[in-house]
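Laboratory data are not the source of any read-out in this text; all were calculated from the coordinates shown. Keep in mind the model is a prediction, meaning the values are calculated, not measured. No Cβ is skipped: glycine too gets one built from the backbone with ideal geometry, and neighbour counts run over all protein chains shown.
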Amino acid sequence: MEAGDLLLARRVRQNHALEHATVTILTNDLPGLSVSARSNTRGFMIFADLDTALVRRAADEALERLRAGEAELAIHPNCGTNLAVGMSLALMGSLWSLTAMRQRTRLATALGSAVASFMFARPLGALAQKYLTTQQNLNDLRIVDVRSRRLFGRRVVEALTTTIG
């Protein structure tokens, strides 16, 4: 069992890695594309008005490249994990600043922790993605279907996955 399995199910972590790789390939193919995506045990959803064939091609390529060892595709700079890590650092710094006896020290500590959390959110978020929120080994994963639907009035492209064996 890996450390990340304590936080999220292996299947969610695998789908999260595939989601990141798919979004990376899509944004490389379509510069300026802005998407939001979410992973779960069934697969992942991309909140964007995209052609399902385009997403299927990108997901197939992502799966192939991750299986070939391109583990860096599983780490995305705009992942919500980075935001969660940054907010956690800011919260811990803010709480630590409250322990200071003098008001100026509290303010300086709070400001310093805010700057530090901004600086370290992405690099620490990338580590959290690598070891906690994604699983780069997708040898037992396959894509079952890619379909489009509406969710809360927005078009969503959903990639459904399953495990082999």
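From largest to smallest, the equivalent ellipsoid semi-axes obtained for the chain from the alpha-carbon gyration tensor read 35, 18, 13 Å. Across the stretch 74-101, the residues whose backbone nitrogen lies under 19 Å from the label position 7 Å along the beta-carbon direction of ALA108 are 93-101.
Here's how it looks for ALA37: its modeled amide H is under 5 Å from those of PHE47, which are all 5 or more places away or on a different chain. Compared with the dominant principal axis of the Cα atoms in the chain, helix 10-29 is inclined by about 80°.
Measure nothing but the geometry: give the 0 to 90° angle between the long axis through the Cα atoms of 80-97 and the longest principal axis through the Cα atoms of the chain, rounded to 10°. With rounding to tens, the tilt is 10 degrees. Farthest toward the positive end of the dipole of the chain, out of GLY69, THR105, THR22, is the Cα of THR105, where the dipole comes from beta carbon charges about the Cα centre. Taking a point 7 Å from the Cα of PHE152 along the Cα-to-Cβ direction, the residues of the stretch 27-54 with backbone N closer than 20 Å to it are 34-50.
Just need the relative contact order of the chain here, percent rounded to a whole number, with Cα pairs under 8 Å and 6+ apart.
Working: 263 pairs, mean separation 53.1, N = 165.
After rounding, I find 32 percent.
For the stretch 45-92, with equal point scatterers placed on the C-alpha atoms only and solvent neglected, what are the log10 I(q)/I(0) values from the Debye formula at q = 0.19 1/Å, to two decimals? So the normalised log intensities are -0.79. Distance from the Cα centroid of the stretch 137-151 to that of the stretch 57-125 is 28 Å (rounded to whole angstrom). Backbone N atoms of the stretch 69-96 closer than 16 Å to the 7 Å Cα→Cβ label point of ALA116 belong to residues 85-96.
When the chain is described by a simple charge dipole with +1 on each Lys and Arg Cβ and -1 on each Asp and Glu Cβ, the residue from ASN139, MET119, LEU160 located farthest towards its positive end is MET119. By how many degrees, 0 to 90 and rounded to 10, does the Cα axis of helix 52-67 deviate from the longest principal axis of the chain? On a 0 to 90 degree scale, this one is about 70. Each residue of the stretch 106-117 was assigned a 3J(HN,Hα) from its phi angle through the Karplus curve 6.51 cos²θ - 1.76 cosθ + 1.60 (θ = phi - 60°); the sequence is 4, 5, 4, 5, 5, 5, x, 5, 5, 5, 4, 5 Hz, with glycine and proline shown as x.
Its Cα centre serving as origin, the stretch 1-116 has a Cβ charge dipole (Lys and Arg +1, Asp and Glu -1) of approximately 680 debye. By the beta-carbon count within 10 Å of each Cβ, the least crowded to most crowded order of VAL144, VAL85, fewest first, is VAL144, VAL85.
Rounded to the nearest 500, the helix-only mean residue ellipticity at 222 nm of the chain stands at -17500 deg cm²/dmol, with each DSSP H run of n ≥ 4 adding -39,500 (n - 2.57).
Ranked for footprinting exposure by Cβ neighbours inside 10 Å, fewest first, ILE75, ILE164, ILE143 give ILE164, ILE143, ILE75.
Scanning residues 5 or more positions from LEU141 or on other chains, those with amide H under 5 Å from its amide H are ILE164, with H placed 1.01 Å from N in the peptide plane.
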